[in-house]
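**Q** Let me give you the structure first, and then I'll get to my questions.
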Amino acid sequence: MKVSISINGENVSRDVEPRQLLVHYIRETPGLTGTHWGCDTSNCGACVVLMDGKPVKSCTILAVMSEGHEIATVESLEVDGELDPIQAGFHEQHALHCGFCTPGMMMTARALLDENPDPTDHEIRTAISGGICRCTGYKNIVAAVRWAADHQAAAKQEA
Amino acid sequence: MQTPASFEYERATSVDGVIAALKKRGSGARVIAGGHSLMPMMKLRLAKPEYLIDINDLTELSYIREEGEEIAIGALTRHVELLNSELLAEHFPLFRDAEQVIADPVVRNRGTIGGSLCQADAAEDLSAVCSAVKAKAVIRGADGERTVSMEEFHVGPYTTAVGAGDLLIEVRLPLRAGAGSAHEKVERRAGDWAIAAASAAVWMDGGKIAEAGIALSAVGLTTIHLSRAEQLLKGKAPTDELFVEAGEIASTDCSPSADGRGPVDYKRHLAGVLTGRALRRAVSRALHQEA
Ligand SMILES: Cc1cc2nc3c(=O)[nH]c(=O)nc-3n(C[C@H](O)[C@H](O)[C@H](O)COP(=O)(O)OP(=O)(O)OC[C@H]3O[C@@H](n4cnc5c(N)ncnc54)[C@H](O)[C@@H]3O)c2cc1C
């Protein structure tokens, strides 16, 4: 079945079986292996991407269901060599150990700040509660999102 | 890597189209809404539909609106929309109680009320919520539309009045004066299914409970409708002793099994305590004693 999905602003067309999961469709697109696939039960959140701006678990959506929607993956965060504040925050606050959950965490955090630029720590924790960090580095992930929110606000004020 | 078994896929463009496709394809056909119950089951090969009908484009099934003496919720309305609805928060605050603790925010962006009710997992929070507020389910099939109560809707474990050729269209909640409601859940960790949960609704009249609705999640093979406790409360003034008594009925009338979430006696205890708490909160909300 022919499927066309907009991934990071580019139209990607491919013939796939209806049973192909969106996460695999994305990962089989050359260069887009940033989205991780971590569990079979929709629990871990490593595969979170944005669908029309909202975070979703790409292991629980079929590629064929995504046609006509805008998908954004972790690769879309960096623009022209410039890190997204979320990425810079993860770097500054050491918000990853093994890094497996990081793409999902970052996309979830990006969506949170798009909707709520100044979240409380509780709101950050709630937002990322659909992601599991097996290194249990949640504290630094929350700090990273906080860092991103602060620096994003400061950058806006300067502009 | 777990991948579903092969199937054919169709994207529905109308409700009539879904009904026609279900009829044509027979029992191998299945509707997919948010997919957050069905996809994990398909990956584990617990479900192997031969033909999948995707209803996500049917935006006409996505709404929460007041219609006369009822609130109507379209089957494709997602958890996040139920969570954010001010209309529901005003009339039936138990929806927001439940939606804050159903799965996680990412799952809530996809999962729907229709999928939750049709899945009819005994641990489904919305099944208890809809039972407590005496909701009605509107089901459409090849022979037209019918409306059933939640008691009629819940047929058995994972089984509802929605047959193989049917589509759940909407859920209707009757608006009546003096209403208050609450949902209480205990889970092992953020985003998990309930160890036990209790939904309660009361309709107060002149300081007395004119009517009550109570249902439990995760403590039996199906959603438990606590009709004995509802009878007990009817016509009585709300007191702590009464709530405790209703809780005792809950502990007795549920039928939990032991699993990773806890042993039977603990779950029975929890069902009782949560029933009492939900009732207490429902009554204070009805009497506007809680902000
Ligand atoms: C990690 C995780 C945690 C969760 N935690 C909780 C929790 O704590 N509490 C809770 O209540 N739920 C929980 N859920 C379940 C969640 O609420 C699901 O979204 C819900 O059970 C199913 O909704 P859906 O729209 O995704 O349904 P789908 O998976 O699309 O469908 C489920 C079933 O209903 C049928 N169906 C769907 N819509 C219709 C319709 N309109 N008419 C007829 N049949 C229909 C489908 O054919 C299928 O059989 C969790 C899910 C996940 C993945």
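**Q** Determine which single condition B:Ala177 fails, assuming it passes every other condition in (1) surrounded by fewer than 19 Cβ atoms within 10 Å (Cβ to Cβ); (2) over 27 Å from B:Gln289 (Cα atoms).
**A** Every listed condition holds for B:Ala177 apart from (2).
**Q** Which of the residues belonging to segment B:21-49 are open to solvent by 40 Å² or more (accessible area, probe 1.4 Å) and without any contact (Cβ under 8 Å) to a residue 60 or more places away in the chain?
**A** The answer is B:Lys24, B:Arg25, B:Arg30, B:Met41, B:Leu44, B:Arg45, B:Leu46, B:Lys48.
**Q** Further question: Pick out, from segment B:62-167, the strands (runs of 3 or more DSSP E) lying fully within it that include 3 or more residues that are open to solvent by 30 Å² or more (accessible area, probe 1.4 Å) and away from every other protein chain (no Cβ under 14 Å).
**A** Fully inside segment B:62-167 and qualifying: B:64-67, B:144-149.
**Q** Can you pull out every residue in segment B:183-221 that is within 16 Å of the ligand (Cβ to nearest atom) and touching a Lys or Arg at 6+ places or on another chain (Cβ under 7 Å)?
**A** B:Glu184, B:Arg188, B:Ala194, B:Ile195, B:Ala196, B:Ala197, B:Val219
**Q** Can you tell me which of A:His122, A:His97 is open to solvent by 10 Å² or more (accessible area, probe 1.4 Å), more than 30 Å from B:Asn56 (Cβ to Cβ) and within 14 Å of chain B (Cβ to nearest Cβ)? So that I can check it myself, show each step before the final result.
**A** On the way: A:His97 fails: within 14 Å of chain B (Cβ to nearest Cβ).
Only one candidate qualifies: A:His122.
**Q** Hey, another quick one. Can you tell me how many residues within segment B:180-199 are open to solvent by less than 40 Å² (accessible area, probe 1.4 Å), among the charged types (D, E, K, R) and more than 14 Å from the chain's Cα centre (by Cα)?
**A** Residues that pass the stated criteria total 1.
Matching residues to (1) over 25 Å from B:His79 (Cβ atoms); (2) of a type in the set (D, E, K, R); (3) touching a residue at least 40 places away in the same chain (Cβ under 8 Å); (4) open to solvent by 40 Å² or more (accessible area, probe 1.4 Å):
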| site | (1), (2), (3), (4) |
| --- | --- |
| A:Asn43 | no, no, yes, yes |
| A:Val48 | no, no, yes, no |
| A:Lys54 | no, yes, yes, yes |
| A:Ser66 | no, no, yes, no |
| A:Ile71 | no, no, yes, no |
| A:Asp80 | yes, yes, no, yes |
| A:Ile86 | no, no, yes, no |
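**Q** Examine segment B:133-152 for a residue that is more than 11 Å from the ligand (Cβ to nearest atom), in contact with a Pro (Cβ under 7 Å, 6 or more places away or on another chain) and among the charged types (D, E, K, R), and state whether such a residue exists. Quick ask: steps written out before the conclusion?
**A** Quick first cut of segment B:133-152, residues more than 11 Å from the ligand (Cβ to nearest atom) only: B:133-136, B:142-152.
After this cut, where a residue has to be in contact with a Pro (Cβ under 7 Å, 6 or more places away or on another chain) as well, the list is B:134.
Going one step further and asking which of them are among the charged types (D, E, K, R), we end up with B:134.
Yes: segment B:133-152 contains one or more residues that are more than 11 Å from the ligand (Cβ to nearest atom), in contact with a Pro (Cβ under 7 Å, 6 or more places away or on another chain) and among the charged types (D, E, K, R).
**Q** I'm trying to understand the selection: among the residues of segment B:1-56, which are touching a helix residue (DSSP H, G or I) at 6+ places or on another chain (Cβ under 6 Å), among the small types (Gly, Ala, Ser) and within 11 Å of chain A (Cβ to nearest Cβ)?
**A** B:Ala33, B:Gly34, B:Ser37 - these are the residues of segment B:1-56 that are touching a helix residue (DSSP H, G or I) at 6+ places or on another chain (Cβ under 6 Å), among the small types (Gly, Ala, Ser) and within 11 Å of chain A (Cβ to nearest Cβ).
The values are calculated or read from the model by the stated rules, or taken from the named source; none is laboratory data. In this text, all values refer to a predicted model and were calculated from it rather than measured experimentally. With ideal geometry, Cβ positions are generated from the backbone for all residues, glycine too; neighbour counts draw on all protein chains shown. Please note that ligands, DNA and RNA were not included when accessible areas were found on the heavy atoms of the full protein model with its side chains. Shrake-Rupley method; radii C 1.70, N 1.55, O 1.52, S 1.80 Å.
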